[in-house]
Amino acid sequence: MRVAIIGQQDFGKAVLEAFLGRKDDVAGVFCAPEKPGAKIDPTRATAEARGLPVFQFASLRSPEAHDAIKKLDADLGVMAYVLQFAPDTFVKSPRLGTIQYHPSLLPRYRGPSSINWPIIRGDVKTGLTIFRPTEGLDEGPVVLQKECEIGPDETLGDVYFNKLSPMGVAAVLEAADLVFAGKHRETAQDESRASYEGWCRDAEARIHWAHHVDWVYNLIRGCNPAPGAWTTFQGQKVGIFDARKHPFRRFKDVVGKMGEVSAVTETSFKVTAQGGLVGVLRARGADGKKVSGGEFARSAGLTAGTILGD
């Protein structure tokens, strides 16, 4: 089939390489323009290395973007990690329209941080959806869905790199084949089950130690590696990445106040939250280096009784 790829970053690159790898005809690639001083986008770099036409428009609403996709005469448009708004007039230009990848089980977790929030909320499963994009954000009819488990200690990085990314590339190919063959079904999303979540950014990633240990631990997992959960010590930001949860089982297990360091070991330090301790295995200080929790505690001067989150 002849496809137009609309995407960016590593996922867009992986989808592009998957279509090229099976000898599909990639008519052209649309990438968002890089910010000033940023490195070249991986999807763009791959496309240019293969001699493919590359288009970078500030807006996919522009007449120039519409002209470009029409001239490609593609069978299908494929959206693989797209942050730009694509209007109906753009996505309907290919002969068979366009399909889009979204890393959640739509209609749950519409929005830009749809991998973070299921982990933060303690969900035990997530998945991906291939759907028909419409003017509504992540609201179009579903073509294909795949589920995967979220392990109790899995992080954002684990779920994305080990599950949702490779599953997503395969699902995009599967859905494209179904649409091209005219064998796909389109199922309207159930609006009674829909939810929208905004960005999970720095403000959302701040740890409040008075929250329950389950919530604190899930926040750390859901923000690892990005944007990175964090707390403060002596007014300085401390990023917290790899961690483990240690619930209190009995009253006599309870140690310290909320946010208090209860112990420092060779490899970690433990902080009290509501209902348990969080063992920090990897942290990052003002120098930007990620080190073991124990190394960070020693270099920063954390000891039993230190209060975090000041």
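What to note about this one:
- Test: T232 is buried (at least 19 other Cβ atoms within 10 Å of the Cβ) and assigned to a strand (DSSP E or B): no
- Within the stretch 2-13, residues that are more than 16 Å from A65 (Cβ to Cβ) and surrounded by fewer than 24 Cβ atoms within 10 Å (Cβ to Cβ) have Cβ atoms under 6 Å from residues that are at pLDDT 95 or above and of a type in the set (A, V, I, L, M) in these pairs: R2/A27; R2/A74; F11/A80, counting only partners at least 6 apart in sequence or on another chain.
- Residues located in the stretch 235-244, provided they are in contact with a strand residue (DSSP E or B) (Cβ under 6 Å, 6 or more places away or on another chain) and either in a strand (DSSP E or B) or without any contact (Cβ under 8 Å) to a residue 40 or more places away in the chain (or both): K237, V238, G239, I240, A243, R244
- Residues in the stretch 189-218 that are outside any loop (DSSP other than H, G, I, E, B) and within 18 Å of S104 (Cβ to Cβ): 5 in all.
- Matching residues, the stretch 15-52, being small (G, A, S), assigned to a helix (DSSP H, G or I) and open to solvent by 10 Å² or more (accessible area, probe 1.4 Å): A18, G21, A45, A49
- Against the list (1) open to solvent by 10 Å² or more (accessible area, probe 1.4 Å); (2) assigned to a strand (DSSP E or B), the condition Y160 fails is (2).
- Every pair of residues 6+ apart whose Cβ atoms lie under 7 Å, when the first sits in the stretch 192-203 and is of a type in the set (D, E) while the second is open to solvent by less than 30 Å² (accessible area, probe 1.4 Å): E197/Y109; E197/G111; E197/S113; E197/S114
- Enumerated strands (runs of 3 or more DSSP E) restricted to the stretch 256-310, each holding at least 1 residues that are charged (D, E, K, R): 269-273, 282-284, 290-292
- Under the condition of being among the small types (G, A, S) and farther than 16 Å from G122 by Cα, the residues counted in the stretch 204-261 number 7.
Listed here are the residues, each with its yes/no results for (1) open to solvent by less than 30 Å² (accessible area, probe 1.4 Å); (2) part of a strand (DSSP E or B); (3) in contact with a helix residue (DSSP H, G or I) (Cβ under 7 Å, 6 or more places away or on another chain).
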residue	(1), (2), (3)
F85	no, no, no
L96	no, no, yes
S113	yes, no, no
E135	no, no, yes
L144	yes, yes, yes
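- Some residue of the stretch 70-82 being part of a loop (DSSP other than H, G, I, E, B) and touching an Asp or Glu at 6+ places or on another chain (Cβ under 7 Å): no
- Some residue of the stretch 174-188 being surrounded by fewer than 24 Cβ atoms within 10 Å (Cβ to Cβ), in a helix (DSSP H, G or I) and in contact with an Asp or Glu (Cβ under 8 Å, 6 or more places away or on another chain): yes
The values are calculated or read from the model by the stated rules, or taken from the named source; none is laboratory data. As the structure is a prediction and not an experimental result, all values here were calculated from the model. When we count neighbours, we look across all protein chains shown, and the Cβ atoms used for this are built from the backbone with ideal geometry, even at glycine. For accessibility, only protein heavy atoms count, side chains too; no ligands or nucleic acids. Shrake-Rupley method; radii C 1.70, N 1.55, O 1.52, S 1.80 Å.
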